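One structure is given below, encoded as structure tokens.
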Amino acid sequence: MAEEKPQRQTRVVVLAAGRGTRMKSERAKVLHEVCGRSMLGHAQRVASEVDEERPVVVVGADAQAVRDACNENEVEFAVQAEQRGTGHAVMMAKEALSGFEGDVLILYGDTPLLRASTVLRMRTLKQETNADLVVLTAQGTMPGRIVRTAQGQIESIVEAQDASPEELAIKERNTGVYLVDAALLWPALDSLRTDNNQGELYLTDVVSYAVKGGHRVEGLLIDDPDEGLGINTRIELAEATRIMRRRIAEHLMAEGVTLIDPDTTYIDADVEVGADTVIEPGCSLLGRTRVGSRVRIRAGSYIEDSTLDDDVSFGPYSHLRPDSHLQDGVKIGNFVEIKNAVMGPGSKSAHLTYIGDADVGAGVNFGCGSVVVNYDGYEKHRSTVGEGAFVGCNVNLVSPVEIEPRAFLAAGSTITKSVPEDALAVARASQRTLEGWVARKEGRSGAGASKTKASSSDKDSKDGKSGTGTS
């Protein structure tokens, strides 16, 4: 058995210098998002599969915005100050890769649908065939035509604006993704000329240089042409998002998640969902949301950058805002909004509640219409609700307050002071009942003195009628 050759080291160059004028946007094109992750972020994710070091990102137009959006501990930047074509852009990475003798993978910051598995196949093909250059090709709508010899060998790549009628008819296209020996790449780039209709240095001319120099050039034709889709317009951005969303849905379903209607379910690329979870139609799970197992997310719910542990029930039509955490067995019903709050195991809020900036213990019940009043008009404040506490209907917790374990807050109370363990808190005005008032106002009253009946909350409490509300 032949000894397996060691895998050559691969460094990645990501081209992200284009202006993207057709996006009609003030934002850098590569920072537009596909399923919650920037297009450049998708390229970085692919790069991380093959490059143990930081990829080199070539920036140009909107360079500072791209720098600001990236973690500089994860990428290295090169600058293309003058836009002179793709070949010129790659040349700008030469200094960053000085002394590197392995393979260089060239990716694009506006091609978010490329799979890491495809790049790994390119690397395998290069190793198995001893190729000096591997070109990723597709049966798609890309402008560069792959010209092959009669024997099927790649001969050159011709851009549409420079192609003959015969070449325009070629179906196999260039995705622009190359895996090339560093020893070949830099002399090839130095040989580039601007004698084309655009007056630019074409990266595609590296292929002709390699062929003429007797180097081995291989092409990997991908089965899914969507992987090579470059994004230049909002229409293409929406199409890429649709494709990516379907991929995410199919991956989750393959891993044991039930999506009742994948076409109306919006799940971002960095979301994680556990097995046997059911997600109903019209839900959005965004950012870095984490969902455990056996969770039920009901129709119309909106969840951002939050965590739902196992056996949680959420919705319908409820909103989980960033940095919230629903622990095991929490039950949230309809029209509930939770923001930057922790709900302890088994706690629940059945309907029409706002819980913001709160630490809630286990087994707490929030009644209908209850509100954690976390904002005083100037600053946000945080409250604590101990385990087993009961918050009655239409209770306002004016933060910051501490509700100790098993405290009972009577319906309609506005709580402005902390409540001790096992205490009943009633904070509302005494009820006054003026009998016959409506009849007198409308001129229907007869003779006789009016009767006034006043009842205090203290008396109600003694009679067991504190009106604590429903769950």
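The values are calculated or read from the model by the stated rules, or taken from the named source; none is laboratory data. Just so you know, these numbers come straight off a predicted model, no measurement behind them. Glycine also receives a Cβ, built like all others from the backbone with ideal geometry; neighbour counts cover every protein chain displayed.
In the range 389-410, the qualifying residues are those that are part of a loop (DSSP other than H, G, I, E, B) and of a type in the set (V, I, T), and the one that is nearest to N340 (Cα to Cα) is V401. Kindly indicate whether G367 is in contact (Cβ under 8 Å) with a residue 24 or more places away in the chain, surrounded by 22 or more Cβ atoms within 10 Å (Cβ to Cβ) and under 22 Å from the mean Cα position of the chain (by Cα). Judged against the criteria, G367 is not a match.
Taking helices (runs of 4 or more DSSP H) as the structural unit, those lying wholly within the range 163-269 and holding at least 1 residues that are at pLDDT 95 or above correspond to 182-190, 205-212, 234-254. Selection of strands (runs of 3 or more DSSP E) fully inside the range 52-133 by the criterion of at least 3 residues being at pLDDT 95 or above, surrounded by fewer than 20 Cβ atoms within 10 Å (Cβ to Cβ) and touching a helix residue (DSSP H, G or I) at 6+ places or on another chain (Cβ under 6 Å) returns nothing.
Could you list all residues from the range 134-145 that are at pLDDT 90 or above and under 23 Å from V50 (Cβ atoms)? Scanning the range 134-145 gives V134, V135, L136, T137, A138. Looking across R193, R247, R216, one residue alone is under 29 Å from V34 (Cβ atoms) and not β-branched (V, I, T). It is R247. Take the conditions of a type outside the set (S, T, N, Q), surrounded by 14 or more Cβ atoms within 10 Å (Cβ to Cβ) and either touching a Leu at 6+ places or on another chain (Cβ under 7 Å) or not assigned by TED's automatic domain parsing to the domain that holds L133 (or both) and apply them to A43. Does it pass? Yes, satisfied.
Quick grid of which residues meet (1) modelled with pLDDT of 95 or more; (2) small (G, A, S); (3) crowded, with 17+ Cβ neighbours inside 10 Å:
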| position | (1), (2), (3) |
| --- | --- |
| R382 | yes, no, no |
| E387 | yes, no, no |
| S399 | yes, yes, yes |
| V419 | yes, no, yes |
| V426 | yes, no, yes |
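Only residues that are touching a Cys at 6+ places or on another chain (Cβ under 8 Å), within 20 Å of S284 (Cβ to Cβ) and not hydroxyl-bearing (S, T, Y) were counted across the range 299-354, and they come to 4.
Pairs linking a residue in the range 322-340 that is outside the structural domain of V291 (by TED's automatic domain parsing) and free of Cβ contacts under 8 Å to residues at least 12 places away in the same chain to a residue that is among the hydrophobic types (A, V, I, L, M, F, W, C) and not in a strand (DSSP E or B), with Cβ atoms under 7 Å and 6 or more positions apart or on different chains, do not occur.
The residues in the range 360-388 that are in a strand (DSSP E or B) and closer than 21 Å to A410 by Cα can be counted, and the count is 9. Kindly indicate whether any position in the range 10-22 is surrounded by fewer than 21 Cβ atoms within 10 Å (Cβ to Cβ), more than 23 Å from the chain's Cα centre (by Cα), of a type in the set (K, R) and outside any helix (DSSP H, G or I). Taking every residue of the range 10-22 in turn, at least one turns out to be surrounded by fewer than 21 Cβ atoms within 10 Å (Cβ to Cβ), more than 23 Å from the chain's Cα centre (by Cα), of a type in the set (K, R) and outside any helix (DSSP H, G or I).
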